[in-house]
Amino acid sequence: MSNSNQSIDIVYTWVNGDDPVYIKKCQKFAENLDDVNPERFRDVYDMLKFSLRSIEQFVPWAGNIYILTQKPQVPEWLNIDHPKVKVVHHEDIFDEEYLPTYSSSVIETYLDKIPGLSDHFLYMNDDFLFGNETSLDTFISESGRINIFGTLFGENPSWRIYEAKNDIIGLGLVEHCPILVKKEYWDAMYKLWPEKTHEKRLHRFRQDDDFMAYKFYKYYMLKYQRQTCRPVKIFELKKWQIFHKITNNFKRQQKAFDRITRVRPNFYCLNDDQKDNPNPKVVELAQEFLKNYYPKKSSFER
């Protein structure tokens, strides 16, 4: 495969958790406070909009943009007439027995089922952004070897595929990165344990024994497709990636945003960690940072 003229589709999972209709639906099925944790769903920063600006600015090899969300949601600012933009609703590709779902862990199990999706695609969360021009070689070599982020030293411990183990050795830096996926491998990884996959797809909300896709894919690739991939150690990843938690400490946030602006990493994650009471000054600061870093409206916007 030649990366010089290769086009790779990009898939986002997205939800507008501030939508009152969505909140009402969500609360109908919620069994505990964690199920309606605002950090998982709120959209105060319009992060997807800025992530798409970063794609248009820094990712010349981007093909179609697929946004996987719950019916009837569509970002109000999105230019749905753009030839590269495809909104796909859960109902379009999920098996009915697993609907509705509010679990990202379940939604991720269907990424490869999106009609028309390229054989290789980049899976993005809406809080992942590109900060500098990034070549496709960062994710996949000319010969087709896929870079696997999410390791410290290239290790492959199988117990890390579960959410429950996240607290044992959870490292935001290595676990909050775009993932270059080959469709057939994504499908094969969930077929390793079909009964468990079925059981976990029945979860309406994230649970501690869910398969975590970004860990599971790493495990599958390094164990079953070792000849087609290359584990990226943390020291190499740090040259490209910054992981940042948005907390309510204003001074720390100022320093962090200044650093991102100065370093201009290939990609970074802005992870909302403001609990249920975001500091309005920090919210304003983060919004200003995004507007300053990506001042130009993208063609994906109305």
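The values are calculated or read from the model by the stated rules, or taken from the named source; none is laboratory data. All figures in this text were calculated on a predicted structure; none of them were measured in a lab. Here the Cβ is made from the backbone with ideal geometry for all residues, glycine too, and neighbour counts use every protein chain on show.
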TODO: Working only within region 80-100, note down all residues that are touching a residue at least 24 places away in the same chain (Cβ under 8 Å), farther than 20 Å from I8 by Cβ and surrounded by 14 or more Cβ atoms within 10 Å (Cβ to Cβ).
DONE: Y98, P100
TODO: Check region 70-79 and report whether any residue there is farther than 21 Å from F205 by Cβ, polar (S, T, N, Q), at pLDDT 95 or above and surrounded by 14 or more Cβ atoms within 10 Å (Cβ to Cβ).
DONE: yes
TODO: Assess whether K297 counts as being within 19 Å of L52 (Cβ to Cβ), modelled with pLDDT of 95 or more and out of contact with any Phe, Trp or Tyr (no Cβ under 8 Å at 6 or more places or on another chain).
DONE: yes
TODO: Could you check, for region 226-244, whether at least one of its residues is surrounded by fewer than 20 Cβ atoms within 10 Å (Cβ to Cβ), among the polar types (S, T, N, Q) and at pLDDT 95 or above?
DONE: yes
Task: Hits in region 30-60 - residues which are under 20 Å from L99 (Cα atoms) and modelled with pLDDT of 85 or more - done: none
Task: Subset of region 187-214 [crowded, with 22+ Cβ neighbours inside 10 Å and farther than 13 Å from I107 by Cβ] - done: M189
TODO: Looking only at region 79-110, count how many residues are under 20 Å from K24 (Cβ atoms) and in a strand (DSSP E or B).
DONE: 1
